[in-house]
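Okay, so here's the structure we're looking at.
Nothing in this text is a laboratory measurement; each read-out follows from the coordinates by a stated rule. Nothing here was measured: the structure is a model prediction, and the numbers come from that model. Cβ sites come from the backbone with ideal geometry, for glycine too, and all protein chains shown count toward neighbours.
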Amino acid sequence: MGFFDALLSSNFLMGILIAVSIAAVVFTIGAQFSEKNEIKTRIKRVAVEREKMRAKEMERLKFVEKNRSSGSVRGKDSKKFVKDIVDMFSLKEAFVNEKTAMSLQQAGYRMPSHIVTYVFLRLAIPICLFVFSFIYLKFVMMPDRAFYLVLVYAFGIGIVGAYLPVILLKNKMIKRQKLIKKSWPDCLDLLLLCVESGMSIEEAFKRVSGEMTEHSPELAEELMLTNAELSFLEKRADAYRNLGERTGLDGVKSVMMALIQSDKYGTSVGQSLRVMSEEGREERMMEAEKKAASLPPKLTVPLIVFFLPVLFIVVMAPAMIQIFGPGGAMSGG
């Protein structure tokens, strides 16, 4: 049997096929192990970067807290006095609930000292207004009125003053929500660009918060807090949920719910952000069209009160001058 006959024999070809099959099996199994090792290496690298980001955010928050808490001796004494008054009369139990704490957060007041100050103002403003209004009414404005009548007026002013901090807090909350809502579609566009460019959601929040600092400081502050919470909270869903609760806006809550669903079921974050970004732009356009459509009815009363009388004067003044002026029909000349 020659050499070529041995190469073409069935035994030789079967041996080659068996060897190739064994090599393929060994290569496949080894590739699986190498991919697992590579995935483990990438997971470790991501964990290390996450820990670095967490440490940086914690240092930054500690630095901000230190700067806020640092002050003069008089300021510390006044804060201590206010806290002692609040604790003495148990004002937190009387004025603070979950809704009040959430309103303070939505207005941008998150420090424990802000709650103490708010509760103290709920007590101090009515008393101060009552005393001041009683003195002013009794000795300046209505000195001849009866004592009980002045007391009733002063008491009514004090009751109105009890709701003054609530009204101011609500106005502050509404103004802040309007500013955040105005910049939210642009924020979604930037988040979408960052995510589709390959950034992680933590890096995207950090980058967008830096870009939004000049355009919308309120929204940038919320994004920085969310970035910090993403770094040290165990679940990302808690950080997303906290952002929606702090802003109190339905648009932000819907986006955060979409991110929670994407993180839970492994769907595309970029696709969710794209859909929400389009909805945000459409909503902003609809609000602009709504304001434009409501403009003519709002201008009706100013036009009737201010524009039409001037128009009548301009149109009828020459005729009235000709009629009642010198040499006119009604002048008697």
XL table Lys99/Lys182; Lys182/Lys298; Lys83/Lys172; Lys181/Lys291; Cα-Cα > 20 Å flagged, in table order, is Lys99/Lys182; Lys182/Lys298; Lys83/Lys172
Expressed to one decimal in nm², the mean projection of the alpha carbon convex hull of region 229-288 is 4.3
Expected sort for Thr226, Thr300 with the fewest Cβ neighbours (10 Å cutoff) up front is Thr300, Thr226
